[in-house]
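S.K.: Handing you a structure now.
Just so it is clear, none of the values below were taken in a lab; they were calculated from the coordinates. These numbers come from a predicted model, not from an experiment. Please note: Cβ atoms are built from the backbone with ideal geometry, for glycine as well, and neighbour counts cover all protein chains shown.
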Ligand code: FE2
């Protein structure tokens, strides 16, 4: 399997390129509109055909590259079930799998950061967690219909039930980390280690974070698969 982690420094967003080296089919997870040229150059250099752009959720901090990539390559844009994005080609529900050649991408419904969110388990041994579980942290739950109790339940009940050696690749990192494991996060993530559901909810209710800089632009644009509305 070809697996690449790509970074957008302005929003600290990770985009993932996954491809089958035999069939040359590829998927991008959480592309960023400002990085579309970088991503297409890499895809071209590696001789790949982009089949899918998958979103883990409707982002508030950056505009998705899916709209442009779809226009330029004819790939399909896929979002989690119930995501507010009528422009998507396809919706993916919990337990559904997408194949890229021999590679399987299994969607795990992981709401809580937003009311519609999917993590993607790649070939059973690495999980792209989007903004649910982050390295030594987790996604915020104070807008976009977020819910701390639901996030606690899906991370502890779903993601932490994956094997300890499962690699964790998050949607963002702000401290320079790139990858972790489920076992490491169970043990060292301060949002979960030694916390119960109630203390987690209290902690999340008191983060008092500023809104992301691009929220007013990003959410409406992402609900249109990356097309920035004319009224903004
Ligand atoms: Fe997010």
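S.K.: Taking Cα pairs under 8 Å and at least six residues apart, what relative contact order does the stretch 70-178 come out at, in percent? Working shown, then result.
M.R.: Numbers: 200 pairs, mean separation 22.6, N = 109.
Taking the mean separation of contacting Cα pairs over the length of the stretch 70-178, I get 21 percent.
S.K.: Can you tell me the length gained on complete extension of the stretch residue 174 to residue 46, counting 0.36 nm per residue apart and subtracting the Cα distance? Display every interim value, and only then the final one.
M.R.: Details: separation 128, 0.36 × 128 = 46.08 nm, distance 2.87 nm.
Separation in residues times 0.36 nm, less the Cα-Cα distance, equals 43.2 nm.
S.K.: How would you order 58-65, 19-26 from highest to lowest mean count of nearby Cβ atoms within 10 Å? Kindly include the intermediate steps, with their values, before the conclusion.
M.R.: Numbers: 58-65: 25.0, 19-26: 18.0.
Ranked by mean Cβ neighbours within 10 Å, highest first: 58-65, 19-26.
S.K.: While we're here: Counting each pair of different Cα atoms once, what's the Kirkwood radius of the stretch 55-171 in Å, rounded to one decimal? Working shown, then result.
M.R.: On the way: mean 1/r = 0.0688 Å⁻¹.
One decimal place: 14.5 Å for the Kirkwood radius.
S.K.: First obtain the Kirkwood hydrodynamic radius of the stretch 2-210 from its Cα pairs, then insert it into the Stokes-Einstein equation at 20 °C and 1.002 mPa s, and state the resulting D in µm² per second as a whole number. Before the final figure, lay out the partial values.
M.R.: Numbers: Rh = 17.1 Å.
D, rounded to a whole number, is 125 µm²/s.
S.K.: While we're here: Helix 36-45 versus the longest principal axis of the chain: what is the Cα-based angle in degrees, 0 to 90, to the nearest 10?
M.R.: Between helix and principal axis, roughly 60 degrees.
S.K.: How far, in nm, would the chain grow between residue 86 and residue 1 when pulled straight, counting 0.36 nm per residue and subtracting the alpha carbon separation? Provide the component values of the computation, followed by the final result.
M.R.: Numbers: separation 85, 0.36 × 85 = 30.60 nm, distance 3.16 nm.
Residue separation times 0.36 nm, minus the Cα-Cα distance, leaves 27.4 nm.
S.K.: Taking Cα centroids, how far is the stretch 1-18 from the stretch 178-223 in Å?
M.R.: Taking the Cα centre of each part, the stretch 1-18 and the stretch 178-223 sit 19 Å apart.
S.K.: Per residue and in cubic angstrom, what volume does the convex hull of the Cα atoms of the stretch 1-74 have? Each step should come with its number before you reach the end.
M.R.: Values: hull volume 5.7 nm³, N = 74.
About 78 Å³ per residue, rounded to a whole number.
S.K.: Just need the relative contact order of the chain here, percent rounded to a whole number, with Cα pairs under 8 Å and 6+ apart.
M.R.: Values: 514 pairs, mean separation 42.5, N = 232.
Value for the chain: 18 percent.
S.K.: If you don't mind, there's one more thing I want to ask. Taking neighbour counts of Cβ atoms within 10 Å as a proxy for exposure, in what order, fewest first, do 225, 75, 87 appear?
M.R.: Values: 225 25, 75 21, 87 15.
Ascending Cβ contact count within 10 Å gives the list 87, 75, 225.
S.K.: How would you order 180-192, 139-151, 156-168 from highest to lowest mean count of nearby Cβ atoms within 10 Å? Provide the component values of the computation, followed by the final result.
M.R.: Working: 180-192: 17.5, 139-151: 19.1, 156-168: 15.6.
So the order, starting with the most tightly packed, is 139-151, 180-192, 156-168.
S.K.: Against the longest principal axis of the chain, how steep is helix 148-157, in degrees 0 to 90 to the nearest 10, with axes from Cα atoms?
M.R.: Result, in degrees: 80.
S.K.: Calculate, in nm to one decimal, what residue 153 and residue 197 gain on full extension: separation in residues at 0.36 nm each, minus their alpha carbon distance. Could the numbers behind the result be given before it?
M.R.: On the way: separation 44, 0.36 × 44 = 15.84 nm, distance 0.78 nm.
Going from the current span to full extension adds 15.1 nm.
S.K.: Could I have the simple spin-label model distance between residue 99 and residue 71, label points 7 Å from Cα toward Cβ, reported in nm to one decimal?
M.R.: Reported label-point gap for residue 99 and residue 71 is 3.3 nm.
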